[in-house]
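What follows is a single structure, written as structure tokens, with notes after it.
The values are calculated or read from the model by the stated rules, or taken from the named source; none is laboratory data. The structure presented is a predicted model; accordingly, all values stated were derived computationally and were not measured. No Cβ is skipped: glycine too gets one built from the backbone with ideal geometry, and neighbour counts run over all protein chains shown. Surface accessibility is based on the protein's heavy atoms, side chains included, excluding ligands, DNA and RNA. Shrake-Rupley method; radii C 1.70, N 1.55, O 1.52, S 1.80 Å.
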Amino acid sequence: MRNLDIYNPANGQKIASLPADDAASVAARYRLARAAQPAWATTPLAQRKACIERFRAAVVAQLNPLATVMTHETGKPITMSRNELNGLLGRIDFFLTEVEASLRTQTVFNEGGMTEQIELAPLGVVANISAWNYPWFVGCNVILPALLAGNAVLYKPSEFAAQTGLAITRLLHEAGVPQDLMACLMGAGDVGAALLAQAVDGVFFTGSVATGAKIAQAVGQRFIKLQLELGGKDPTYVCDDANPKTAAESLADGAMYNTGQSCCSVERIYVHEKIHDAFVAAFVATVKGFKAGDPMADDTYIGAITRRPQLDVLERQVVDALAKGATLLTGGARLPGFGNGFAPTVLSQVNHTMDLMREESFGPIIGIQSVSGDAQAIALMNDTRYGLTAGVYTPDENRARQLLAQVNAGSVYWNCCDRVSPRLPWSGYGDSGMGLTLSTEGIKTFTRPKAWHLRKV
Ligand code: NAD
């Protein structure tokens, strides 16, 4: 039996060694899930909903220990772990409220004895291969609507949030989801690859562009549903009429919350030259107030970088930017004596020759570039292979709407950032992926429309 070792990124200590899956156990889980799915699909929706309601109650009852597990394995500050779990409740409520209307069979024609209906049938057995940075959100965005829609789910959590993956699965089983219908597969990329080798009916992936490309290649010949939620290099433009201090405070949080390890973290800031200096001063002052350290402390804002190799990426981006003329205003290096700690880092005088402004950083680091006006800002915002989110700060709604209409991004923000709503679809342009989760479309995405032509004789 192989084991998956789990380490605490805040201090490097081994915290668990979990039995891991292999190709044979993954194939066995697939066969069980395939056999269990038809009965689940015909279980009344009210019963499927009741399971998810009990799951919600268990999350509420166990919120603190669940948050602690997540913080220990990912290095996420404990207040943010609690915030994620509390935020999950709103997503569950949305799915429970909307699922019935979203999945209802529609009669679209009924004349002269001929009836036409659209049924939303479950896909069957779906694979969910997931990331570690918001493990409850990205896991449950797929698992819950997929189960509600009548699918079996084979879930491969990230090896960096494996205990959280096990907790999600345990709570669903305890809430009444049949054991065989929902399985948690333990392991790293090889276990994900073994899952893709099964005859699943859909693959729902959250993670990096590089892995997304491998997954697309692995399933490309099979004509099954494929969704990829990938990275971003999310820009924000601060206009000349914005309040530099309030914009800076909001954007510092948007760039550094979750230690900058959010797919929708603000990763590039363009500021109109008229307010550039005031904005930068307020931004640096805010960042200097962020407390870095023990993720279990209630007042910690900057926790650990979850994956150690990412420290090298951050260091390389700083070195590259400085070599090309950037100015380092604060941070710029690892935090001594603190596991995978990296100081919150702000650079100005940056430009698009630097990796910092082109490649996802996924850490507490930001480049701020001065621009001469709206046209240059839009050109720079769209100068990217990604397109997850983008924002504009200005008191002028018309100006914001006109600017955001020109930006290639799945979500656009006016005077806000780093925000996800269960009511709105979550999707990306370009290398940020394909398909969507959340919103009522994010329930329907786990179904296939079946057309019924019914003639009375
Ligand atoms: P990753 O690509 O390293 O891993 C994601 C998952 O894929 C893990 O479970 C991993 O074990 C698995 N995997 C790795 N190789 C595989 C293979 N060959 N076949 C099948 N599975 C394989 O990504 P990560 O480090 O876990 O997550 C960080 C990335 O996720 C960032 O780029 C971030 O922007 C992105 N992300 C995107 C969203 C979104 O909604 N767009 C949300 C969260 C995170």
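Only beta bridges with both residues in region 234-421 are counted; by DSSP, about 15 percent of them are antiparallel.
Dipole magnitude for the chain: computed about the Cα centre from +1 point charges on Lys and Arg Cβ and -1 point charges on Asp and Glu Cβ, it is near 1180 debye. In degrees between 0 and 90, to the nearest 10, how far off the longest principal axis of the chain does helix 309-323 point, with axes built from Cα atoms? In the chain, helix 309-323 runs at an angle near 30 degrees to the longest axis. Residue ranges 220-227, 30-37 sort as 30-37, 220-227 when ordered by packing (mean number of other C-beta atoms within 10 Å per residue, highest first). Cross-link partners for LYS456 among the aspartates and glutamates, with Cα-Cα distance under 13 Å and sequence neighbours closer than 8 places in the same chain left out: GLU111, GLU116. Would region 268-346 count as rounded, prolate or oblate if I go by the C-alpha gyration tensor, calling it rounded below 1.5 in a/c and otherwise prolate when a/b exceeds b/c, oblate otherwise? Here region 268-346 falls in the oblate category. Sorting THR43, THR353, THR394 by solvent-accessible area of protein heavy atoms yields THR353, THR43, THR394, largest first, with a 1.4 Å probe.
Once you order the gyration tensor axes a ≥ b ≥ c over the Cα atoms, which shape class does region 342-457 get: rounded for a/c under 1.5, otherwise prolate or oblate by comparing a/b with b/c? Prolate shape, in that a/c is at least 1.5 and a/b is the bigger ratio.
Projecting the Cα atoms of ALA146, PRO309, LEU424 onto the charge dipole of the chain, computed from C-beta unit charges around the Cα centre, puts ALA146 farthest toward the positive end. Taking each residue as 0.36 nm, the span from ALA451 to THR105 lengthens on full extension beyond its C-alpha to C-alpha distance by 123.6 nm. In the chain, the DSSP-assigned H stretches of four residues or longer account for a calculated mean residue ellipticity at 222 nm of -12500 deg cm²/dmol, using -39500 (n - 2.57) per stretch and the full residue count as denominator. Based on protein heavy atoms only, the chain ends up with 40 Å² per residue of surface accessible to a 1.4 Å probe.
Taking the inverse of the mean 1/r over every pair of distinct Cα atoms in region 57-139 gives a Kirkwood hydrodynamic radius of 15.9 Å.
Restricting attention to the chain, close to 40% of DSSP beta bridges with both partner residues there are antiparallel. Would you work out if region 234-421 is rounded, prolate or oblate? Take a ≥ b ≥ c from the square roots of the eigenvalues of the alpha-carbon gyration tensor; rounded if a/c is under 1.5, else prolate when a/b is larger than b/c, oblate otherwise. It comes out prolate by the Cα gyration axes.
As I understand it, the dipole of region 234-421 uses +1 on the Cβ of Lys and Arg and -1 on the Cβ of Asp and Glu, about the Cα centre. Which of ASN382, GLY341, PHE279 lies farthest toward its positive end? Result: GLY341. Listed cross-link partners LYS156/LYS288; LYS14/LYS288; LYS233/LYS324; LYS214/LYS450; LYS14/LYS233 are compared with a 27 Å cut-off, the Cα-Cα value being larger for LYS156/LYS288; LYS14/LYS288; LYS214/LYS450; LYS14/LYS233. Taking only protein heavy atoms and a 1.4 Å probe, the accessible area of the chain is 53% carbon and sulfur.
A straight line joining the Cα centroids of region 74-136 and region 388-457 runs 15 Å. Within region 433-451, name every residue whose backbone N is under 17 Å away from a label modeled 7 Å from Cα of GLN117 along the Cβ vector. Backbone N within reach: 448-451.
Backbone amide hydrogens, once placed in the peptide plane, bring GLN369 within less than 5 Å of ILE269, TYR270, VAL271, excluding anything fewer than 5 places away on its chain.
Which part of region 100-140 falls in the paramagnetic zone of ALA197, meaning amide N under 20 Å from the point 7 Å along Cα-to-beta-carbon? Within reach of a label on ALA197, which here means backbone N under 20 Å from a point 7 Å along Cα→Cβ, region 100-140 contributes 125-130.
How about LYS444: which aspartates and glutamates have a C-alpha closer than 18 Å to its C-alpha, ignoring those fewer than 8 places off in the same chain? Within the straight-line cut-off, LYS444 pairs with ASP93, GLU98, GLU100, GLU119, ASP201, GLU229. Principal-axis analysis of the Cα atoms of the chain puts helix 45-61 at an angle of about 40° to the longest axis.
Place a point 7 Å from the Cα of THR68 along the Cα-to-Cβ direction; which residues of region 265-307 have their backbone N under 18 Å from it? Once the point is set 7 Å along Cα→Cβ of THR68, 294-300 turn out to lie under 18 Å by backbone N, inside region 265-307. Between ASN408 and ASP22, residue separation times 0.36 nm minus the direct Cα-Cα distance comes to 134.9 nm. Measuring nothing but alpha carbons in the chain and taking Rh as the Kirkwood radius, the Rg to Rh ratio lands at 1.00.
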